[in-house]
1. Can you find even one residue in segment 298-306 that is assigned to a helix (DSSP H, G or I), surrounded by fewer than 19 Cβ atoms within 10 Å (Cβ to Cβ) and touching a Phe, Trp or Tyr at 6+ places or on another chain (Cβ under 8 Å)?
2. Within 20 Å of Glu210 (Cβ to Cβ) and loosely packed, with under 13 Cβ neighbours inside 10 Å: does that describe Asn184?
3. Taking the condition surrounded by 19 or more Cβ atoms within 10 Å (Cβ to Cβ), within 22 Å of Leu271 (Cα to Cα) and free of Cβ contacts under 8 Å to residues at least 60 places away in the same chain, does Glu324 pass?
4. If Ile351 satisfies every condition in (1) more than 15 Å from Val272 (Cα to Cα); (2) at pLDDT below 90; (3) surrounded by fewer than 20 Cβ atoms within 10 Å (Cβ to Cβ) but one, which is the exception?
5. Exactly one of (1) surrounded by 18 or more Cβ atoms within 10 Å (Cβ to Cβ); (2) at pLDDT 85 or above is unmet by Gly200. Its number?
6. Out of the residues in segment 158-183 that are small (Gly, Ala, Ser) and farther than 20 Å from Gly198 by Cβ, which is farthest from the chain's Cα centre (by Cα)?
7. Is there a residue in segment 56-65 that is more than 17 Å from Ala290 (Cβ to Cβ), outside any strand (DSSP E or B) and among the hydrophobic types (A, V, I, L, M, F, W, C)?
Amino acid sequence: MKTKNIISLFVIILLIGLVGYIALNGMSIGIYDISPVTKEIKQGLDLKGGLYVIYEAKVDPNEPNKDTQIEGAMRVMRNRLDKENQNEATIAKQGNKWIRVEIPGVKDPREVANILSKPAVLKFIDSEGNEIIGGKDIKNAQPGYGEGNQPVVMFELYKDGAKAFGEATKNNIGKTIKIELDGNVISAPTVQTAILGGSGQITGMENIEEAKKLANLIESGALPVELEQIEIRTIGATLGSDALTRSIKAGLIGTAVVLLFMLIYYRLPGLVADMALVLYILLVLIILSATQVTLTLPGIAGIILSVGMAVDANVIIFERIKEEMQVGKTIKSAVDSGFHKAFSAIFDSNITTIIAGIVLWIFGTGPIQGFAKTLIIGVLVSMLTAITFTKYVMHLVVGLNSSNKKLYGA
């Protein structure tokens, strides 16, 4: 049993080291390439810079609802940016008729700018030239693949739109129904049978990326006012080019101090906590990379806060274990009891933090959402490592049959 536990601990340490190496350096396996997380994590305006675009809203100065129209355009632009995973972008009104958009770390500025200003007026036109339904009738739109593995946009209609579309397809069997986007025909399929289910497909896209962009434009809706792009420029990191380097350096120093403190103060449990903390950091970086979260300085603050909560969870557990040993329990019994008694405190504190993060995510914008996302991800991962990984490894350590309670910080 003791030998088995030693082997298990050795394998765990090797796996953590392997995951760390792959995460930080990447790896090529045949035709598959795993990029380092440092290259995959997008950085915000404050850390890397990006671009800003100025749009002029073409509205009549005497129009009483011009402010409402401009605000509506800003909401549509926000939706489009969110669908492009540009949650950290900022949109602000300037003067009476201008909108300023700042977008971090984009590769093709003009492509993103084109998505923002595109009217996206969608119409289905029958063979007689009558409009059947428009973009407002579409409930949702998703990219996918149709017959012959061709990229398509699959859409679902609201009740009234589904009824009108069903009647139109019933009356136009053998005829074409044109699908127009901003006055341009993007597809003109021939109706084979009545489509009564309230759903259909738009064809004519060259690739799946084009289908994704069209689906995003349809879902975000048409702009309520015409926008003219009058300026586009790249901007540098708002906090300076060395802000990220200094932030990472500070984080590494802080983490190293915490690791050393846990090892000295809690000894064997501290070593287990250090392993859990290293695994926690690696998992957070991998998740941030996989989910394409844009990292800003507030986002880094969210990660650091969740690191503190991860350490705090281990401290609560180890203090409970020490208390149980001080009343005369065996090490194994003290570990079991310590985890059991610490669970409710850890669970309650983490759940309340997650709730606060969700509220910030829903009602916040830009950097506030970035902070909320990294905080939620960090807290969820910290619960996983503290409650499952730490508990499993602690039982392996206890299985080494050491009866010296001083090794457990008692």
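The values are calculated or read from the model by the stated rules, or taken from the named source; none is laboratory data. Note that this is a predicted model, so its numbers are computed, not measured. Reconstructed Cβ throughout: ideal geometry from the backbone, glycine too, with neighbour counts over all protein chains shown.
1. yes
2. yes
3. So Glu324 fits the description; yes.
4. Failing condition for Ile351: (2).
5. If we test Gly200 against (1) surrounded by 18 or more Cβ atoms within 10 Å (Cβ to Cβ); (2) at pLDDT 85 or above, just (2) comes out false.
6. Applying the filter and picking the extreme gives Gly174.
7. Scanning segment 56-65 turns up at least one residue that is more than 17 Å from Ala290 (Cβ to Cβ), outside any strand (DSSP E or B) and among the hydrophobic types (A, V, I, L, M, F, W, C).
Each row is one residue, and each column tells you yes or no for (1) modelled with pLDDT of 80 or more; (2) under 18 Å from the mean Cα position of the chain (by Cα); (3) surrounded by fewer than 13 Cβ atoms within 10 Å (Cβ to Cβ).
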{"residue": "Ile29", "(1), (2), (3)": "no, no, yes"}
{"residue": "Lys39", "(1), (2), (3)": "no, yes, yes"}
{"residue": "Gln43", "(1), (2), (3)": "no, yes, no"}
{"residue": "Pro64", "(1), (2), (3)": "no, no, yes"}
